[in-house]
Every structure is written in C-alpha cells, then in structure tokens.
Amino acid sequence: MKLEAMAVHLPDVNGHPNRAPFSGVLTLVDEPSTKPPSGARGHRVILTRAAALAALPSLLGMAVDYAPAWDGHDARRKCGIITHADVEGKRLLVAGYLYAKDFPEVERQMRQCLPGSMGMSWELADAHVEDMRAEVWTLTRATFTGAAILLRDKAAYRDTSFELAPTRCRTFAASAPRATREAPAPRPNEARKESTWKVRQEKAWAR
C-alpha cells in the first residue's frame, strides 16, 4: 500500500468548543466517477493519481461547505477546514475540523445520520482535460478550492465518506509526513494536446 500525505499543524487545544475533528474519503483517483459531476457537460470524469498528488498542497487550508438539503455545494456556507490530505491506494483521504459551535446544525446532522450515509465532493478550478471529445474526461491537472459534505448518494463518486470523531479533543495529523514524491509534469508534446477547462464557479462541481 502506497501512502502520500501532507498536513498543516494546528496547536492542540483540549476540548476546543469550535473544533469537531472529521475524516473522510474525498474522491477516488484513477477511477471514473459514478455519475457526471455538475459542470462536466454530462461526462463522467477521472482524476489521475499524478494530478491528485500534485494538487494535494492546494487542499490544505481549504474549507468544507454544505447545502441545507445535503444534496450539493454552497461555497458561502463554509463550516470547517481541511488540515490533512493523503492518497492511500486509490482513495484521497482528508481530515480536519468542523466549526461545531458556529454550525451546530452540521454537527447535529453528522451525529444523528445513519452510519455511512454521508459523503464528500470536491471543488476544482482550472481543471485540464486530456481530451474533451472523450466519453470519460481525464483530468490531468487541477487546483482544489474546497469540498462539500453531502449525502453519499448525491456525490459524483459513490464511494466517498464523511464522519466525525467521537470527541472534539483530538488533533489530526500533527506530524503527518509530507508527500514523498512529486507528480511528473506532462511532457511538452502531451501538454499541447490538453485542453483547459476552467470551472468558473466552485458549485459547478456540485453533484
């Protein structure tokens, strides 16, 4: 099993009332999405492992958001922060904190929902598509701008997850290792073949 990880350290504050630690599976790499994300013009998508590794630093410090119906994104409802990101096998794992005091309704939903019912969805900008004529779009480069918490069956990738830790006193990834390798840059002749697909709004990736 190959693990790549990056993290930012936040000082441990035991019992902090506004930090509810979470962990989740944000997406799968080198796997086609279960259904097309919004904004992908009806195409399912594949995020390559190389693209995911190169984009890990852009995830750190980004917000998680939610929509009241738990069916999409709302970038103005930023209810937490991502402090840790891994690529483990084909899973892109994240961890961080919900702002539990500021968004009690989010913590309440997470505590009361059925186990395994919640998932995640990424938000991207400047995604490069290898061939926009392909049936399934392959993303070879992208920048993460955030993520959403939503019902798992509403996410583009069905095998995502989101859950809170049992208590609020745990600090995630205080000493997580940095990524051990850099993703290879596309060769010049490959780069010319790519088309740049700019996501104008984060919520375009909502489902």
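The values are calculated or read from the model by the stated rules, or taken from the named source; none is laboratory data. No experiment lies behind these values; they were computed from the predicted model shown. Note: ideal-geometry Cβ built from the backbone for every residue, glycine included; neighbour counts use all protein chains shown. Surface areas here come from the heavy atoms of the whole protein model, side chains and all, with no ligands, DNA or RNA. Shrake-Rupley method; radii C 1.70, N 1.55, O 1.52, S 1.80 Å.
Out of Asp30, Asp74, Asp12, I need the residue that is at pLDDT 95 or above, over 13 Å from Ile149 (Cβ atoms) and surrounded by fewer than 18 Cβ atoms within 10 Å (Cβ to Cβ). Which one? Unique residue meeting the criteria: Asp30. Scanning the range 98-144 for residues that are among the acidic types (Asp, Glu) and open to solvent by less than 30 Å² (accessible area, probe 1.4 Å) turns up Glu107, Glu123.
Cβ separations smaller than 6 Å between residues 6+ apart or across chains give the following pairs from the range 53-64 residues that are closer than 7 Å to Ile82 by Cα and outside any helix (DSSP H, G or I) to residues that are open to solvent by 30 Å² or more (accessible area, probe 1.4 Å) and of a type in the set (D, E, K, R): Ala63/Lys78. The one condition from (1) in contact with an Asp or Glu (Cβ under 9 Å, 6 or more places away or on another chain); (2) at pLDDT 95 or above; (3) of a type in the set (Gly, Ala, Ser) that Ala51 does not meet is (1). Looking only at the range 54-71, residues that are touching a Leu at 6+ places or on another chain (Cβ under 8 Å) and open to solvent by 40 Å² or more (accessible area, probe 1.4 Å) come to 1 in all. Please indicate, with yes or no, whether at least one residue in the range 10-24 is in contact with a Leu (Cβ under 8 Å, 6 or more places away or on another chain) and hydrophobic (A, V, I, L, M, F, W, C). Yes, that holds for at least one residue.
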